[in-house]
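The values are calculated or read from the model by the stated rules, or taken from the named source; none is laboratory data. Remember, predicted model here, so these are calculated numbers, not experimental data. Positions of Cβ are backbone-derived with ideal geometry, glycine not excepted, and every protein chain shown enters the neighbour counts.
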Amino acid sequence: MAIQVLEERVFILNGKGFSYVIYLSEEGIPLNAYWGAGITHPEDFLDAAFIREAFHIPSPQLWPEEYAPFGGLRYKETAVKAVFSDGVRDLLLIFDRWELREDVLCIILRDESEPLEAALCYRVQEELGILERWCELQNTGDKSFTLEHCASAQFSLPGTGFQSINYTGRWSGEFQQKNTPVSCGKQVYESLCGLTGHQCAPFFAVHRGVNEEHGPVWFGVLSHSGNFEITVEDVCAQKVNIVAGISDTDFTWILGAGERFETPHVLAGYAEGLGAMSRMLHRFAREVQLPKPLAQKPLPVLYNSWYATEFSVTQEQQMALAERAAQLGVELFVMDDGWFSGRVDSTAGLGDWAADSEKFPQGLHPLIRRVKELGMDFGLWVEPEMVNPDSALYRAHPDWILRYPNRDPIQFRSQYMLDMGSPLVNEHLYHVLNELLCQYDITYLKWDMNRYVAEMGSTLCSEENGKSLWYRHTMGVYELAERLRRAHPALELEACASGGGRVDFGAMRYFDEFWPSDNTDPLDRLSIQRHYSLLYPVKCMRAWVTDDTNFNNRVVPLEFALHTAMCGALGIGTNLSKAAPVTLDLLRKNIAVYKDIREIVQLGDLYRLSSFENSPIQVVQYQLEGHSVLFAFLRGGQYGRRFYACFPRGLDPERLYRCRTGEVILQKRGDYLMYHGLTLELYGDWSSVIVQLDTIEVQEH
Ligand code: GLA
């Protein structure tokens, strides 16, 4: 049973592979009694023993609280803080009641004297092994008060020796996974960029020693694309305290009489090994989080013009690219930046979402018609949140940007940010983009966001609401995306923010796919993709092959680059008008191979078999029902070595598999392949192979 309650004081949440037990203390404080592998006898927790008082340490500091309020004798990171009309700034949240709201367990806490009720909400995705948590804060009085902090969830794990995983990153170097000991103080992973950002990600993964296959890991991802804060803290009491939610730096939310604020959700889990953690999150993404119906279908192979043309687009040149793309087997043709009114370079045009009349004298119709005749769908690049000072929109509405009235607003990439939280601005953007989608046969938009927020002020918002603008902006993005999707159910949306600046489980509810990095150098990309896959499924990871060597001045053979991109949702960004016949031929062949295997790549379970970090070869495997695909990469050959062992996973030990590497075919049982291993032949620098494993019936003689 997913939710059990024993004697009104022990709450047990059970999902595949885990149990989570909450114990109500004598003081009426919900405490975490257990989180880990599934337990069989929850009654053992009826008399759960907690350290009550240690010499000169106040008890609340030691309690493994489910949702600690700021105040009382607490000096650790807490989950909620409010300021009330009578000047009180701390909270005494005590258990009031519990309720089952359909499949959600709500443990409701109330302040002793102030009008705040906090419903701690828990939903178990039983089969997927995911525990969803959030908090609903309600003003039960007749005067408003101000929330200064309201995390989504707090977790506590007993013991010492924990380590914490997150990313460090930057533009073109996203998702660099790092592991650090949790030995003193707090580790805070925070974004103040107004969106997820490139620096770190809204998640925690703590462990006491874990690798791909072994070792317990406790994790949680925050479903939110704005400023976030994840704190992992050693509370000096043989406990680690974890708080996850929106950032409280420059945040307040005024809760009027009777109003409610629902925090973003945290999707938490417990797994044995990082590989299992990734597979759980990937499944959750595909089955619950990603928009339907594309979540269950492989994404089309796309062509994107950015690296070929940058801003200098013309109708003829795009048509020429489209013709070649169609011959290669591309299914979706995307014109990137440069198509709209006045867009000659990055300094002009943002905000004016109509085709540039010089570049496209008859609008986009001739180009789209040609793309359709060629049998492809058509897509466009937009950056809805932005405006250039040199644009009709800015000239008409200079007051629509985020800024402080008495200061010159800061430009970045020659652009300002619109106040998306304002219903007026949001409505305008909906109107313009909806018009674009109604006027033309467009099935895909790449929604970019090329600057971080600065100066979170707005003349459209009342002064006392200023600190809520960060949150309102994110909600504005979600609202616009949702409205567009509702009006155009077949629309495919990609989120991009100077590469991978908006990849998270919140955006995943509105966007079908992400652009993880502008860096298309295959070697860097293999590392970015590998670490991206720690949390996010490759189903929604766009990966293009381009001619671009800007990042490292490194020239990598096309086949290696293609195989790298085929590890995700394949895209082509090569300048096809300049491509030699041999290049086109290789692209065509590999696109055909990709179409055969993409269902396994995009919808299968992912196993990171080895990486360049600790092996000469990097191998990734995708497994769907009786089929597996492996991509193996050798960066540099050494010592004349030609053969490398690799150990596939997730196969049926008893079934016979046909293993195909090019022309080479071998038949072996699953157990042989997994335990004895598969020998891969990789020779010379930049060598790569694709291996397909398919179950076959054994012929009885
Ligand atoms: C960002 C994106 C690129 C491209 C450019 C266009 O940098 O990450 O992929 O779309 O904007 O200006």
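Would it be correct to say that residue 673 is touching a residue at least 24 places away in the same chain (Cβ under 8 Å), over 20 Å from residue 598 (Cβ atoms) and in contact with a Pro (Cβ under 6 Å, 6 or more places away or on another chain)? It would help to see each step written out before you state the result.
Details: touching a residue at least 24 places away in the same chain (Cβ under 8 Å): yes; over 20 Å from residue 598 (Cβ atoms): yes; in contact with a Pro (Cβ under 6 Å, 6 or more places away or on another chain): yes.
Yes, satisfied.
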The number of residues in region 492-510 that are in contact with a strand residue (DSSP E or B) (Cβ under 6 Å, 6 or more places away or on another chain) and buried (at least 24 other Cβ atoms within 10 Å of the Cβ) is 7
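Can you tell me which of 632, 579 is small (Gly, Ala, Ser), surrounded by fewer than 21 Cβ atoms within 10 Å (Cβ to Cβ) and more than 20 Å from residue 513 (Cα to Cα)?
Values: 632 fails: surrounded by fewer than 21 Cβ atoms within 10 Å (Cβ to Cβ).
Of 632, 579, the one residue that is small (Gly, Ala, Ser), surrounded by fewer than 21 Cβ atoms within 10 Å (Cβ to Cβ) and more than 20 Å from residue 513 (Cα to Cα) is 579.
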- Query: What about residue 229, is it acidic (Asp, Glu) and either touching an Asp or Glu at 6+ places or on another chain (Cβ under 9 Å) or assigned to a helix (DSSP H, G or I) (or both)?
  - Reply: yes
Only one of (1) in contact with a Leu (Cβ under 7 Å, 6 or more places away or on another chain); (2) surrounded by 22 or more Cβ atoms within 10 Å (Cβ to Cβ) does not apply to residue 151, and that is (1)
How many residues of region 348-362 are within 15 Å of the ligand (Cβ to nearest atom) and over 30 Å from the mean Cα position of the chain (by Cα)? The answer is 2
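Please find, among 446, 467, the residue that is over 25 Å from residue 283 (Cβ atoms) and within 16 Å of the ligand (Cβ to nearest atom).
446
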Pairing a residue in region 154-165 that is farther than 21 Å from residue 33 by Cβ with any residue that is of a type in the set (S, T, N, Q) and modelled with pLDDT of 95 or more, where Cβ atoms lie under 9 Å and the two sit 6 or more apart in sequence or on different chains, gives 163/179; 163/180; 164/179; 164/180; 164/187; 165/177; 165/179; 165/180
Residue set 303, 270; condition touching a helix residue (DSSP H, G or I) at 6+ places or on another chain (Cβ under 7 Å) and among the aromatic types (Phe, Trp, Tyr); output residue 303
Flagged pairs (Cβ under 6 angstrom, 6 or more apart or on separate chains; first in region 322-338, within 16 Å of the ligand (Cβ to nearest atom); second among the small types (Gly, Ala, Ser) and assigned to a helix (DSSP H, G or I)) are 333/322; 333/325
Taking first residues from region 436-460 that are among the aliphatic types (A, V, I, L, M) and second residues anywhere that are within 13 Å of the ligand (Cβ to nearest atom) and in a strand (DSSP E or B), the pairs with Cβ under 7 Å that are 6 or more apart or on different chains are 442/379; 442/380; 445/379; 445/380; 445/382; 449/497
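Is it the case that region 420-434 has a residue that's over 30 Å from the mean Cα position of the chain (by Cα), away from the ligand (no atom under 16 Å from the Cβ), surrounded by 14 or more Cβ atoms within 10 Å (Cβ to Cβ) and touching a residue at least 60 places away in the same chain (Cβ under 8 Å)?
If we filter region 420-434 for residues that are over 30 Å from the mean Cα position of the chain (by Cα), which is where we start, we get none.
No: region 420-434 contains no residue that is over 30 Å from the mean Cα position of the chain (by Cα), away from the ligand (no atom under 16 Å from the Cβ), surrounded by 14 or more Cβ atoms within 10 Å (Cβ to Cβ) and touching a residue at least 60 places away in the same chain (Cβ under 8 Å).
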Taking region 493-506 and keeping residues touching a helix residue (DSSP H, G or I) at 6+ places or on another chain (Cβ under 8 Å) and within 16 Å of the ligand (Cβ to nearest atom) leaves 493, 495, 500, 503
Check: Is there a residue being within 21 Å of residue 612 (Cβ to Cβ), surrounded by fewer than 19 Cβ atoms within 10 Å (Cβ to Cβ) and away from the ligand (no atom under 15 Å from the Cβ) anywhere in region 478-491?
Finding: no
Region 131-209: strands (runs of 3 or more DSSP E) wholly inside it with 3 or more residues that are under 30 Å from residue 94 (Cβ atoms) and in contact with a Pro (Cβ under 9 Å, 6 or more places away or on another chain) are 145-158
Given the conditions (1) surrounded by fewer than 18 Cβ atoms within 10 Å (Cβ to Cβ); (2) β-branched (Val, Ile, Thr); (3) within 15 Å of the ligand (Cβ to nearest atom), every one holds for residue 314 apart from (3)
Reported set for region 107-130 where residues are under 22 Å from the mean Cα position of the chain (by Cα), assigned to a loop (DSSP other than H, G, I, E, B) and not acidic (Asp, Glu) is 128, 129
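Go through 564, 546, 520 for me and flag whichever is of a type in the set (Ser, Thr, Tyr), within 15 Å of the ligand (Cβ to nearest atom) and buried (at least 24 other Cβ atoms within 10 Å of the Cβ). Break it down into steps so the answer makes sense when it comes.
Details: 564 fails: within 15 Å of the ligand (Cβ to nearest atom); 546 fails: buried (at least 24 other Cβ atoms within 10 Å of the Cβ).
Matching residue, one of 564, 546, 520: 520.
If you check 174, 136, which single one turns out to be among the charged types (D, E, K, R) and within 30 Å of residue 550 (Cα to Cα)?
Numbers: 136 fails: within 30 Å of residue 550 (Cα to Cα).
Answer to the selection: 174.
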In region 349-358, anything free of Cβ contacts under 8 Å to residues at least 60 places away in the same chain and either crowded, with 20+ Cβ neighbours inside 10 Å or under 19 Å from residue 445 (Cα atoms) (or both) is listed as 349, 352, 355, 356
Does at least one position in region 373-395 carry a residue that is within 16 Å of the ligand (Cβ to nearest atom), surrounded by fewer than 16 Cβ atoms within 10 Å (Cβ to Cβ) and modelled with pLDDT of 95 or more?
-> no
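Can you name the residue in region 238-254 that is of a type outside the set (D, E, K, R) and in contact with a Pro (Cβ under 9 Å, 6 or more places away or on another chain) and is also farthest from residue 117 (Cα to Cα) among such residues?
First, pick out the residues of region 238-254 that are of a type outside the set (D, E, K, R): 238, 240-247, 249, 251-254.
Next, only the ones that are in contact with a Pro (Cβ under 9 Å, 6 or more places away or on another chain) stay: 238, 240-241, 244-246.
On the way: 238: 30, 240: 26, 241: 23, 244: 19, 245: 18, 246: 19 Å.
Only one residue tops the list, namely 238.
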Could you check, for region 632-644, whether at least one of its residues is within 13 Å of residue 688 (Cβ to Cβ) and among the aromatic types (Phe, Trp, Tyr)? yes
Expected single match for farther than 21 Å from residue 295 by Cα, assigned to a helix (DSSP H, G or I) and among the aromatic types (Phe, Trp, Tyr) among 560, 551, 612 is 560
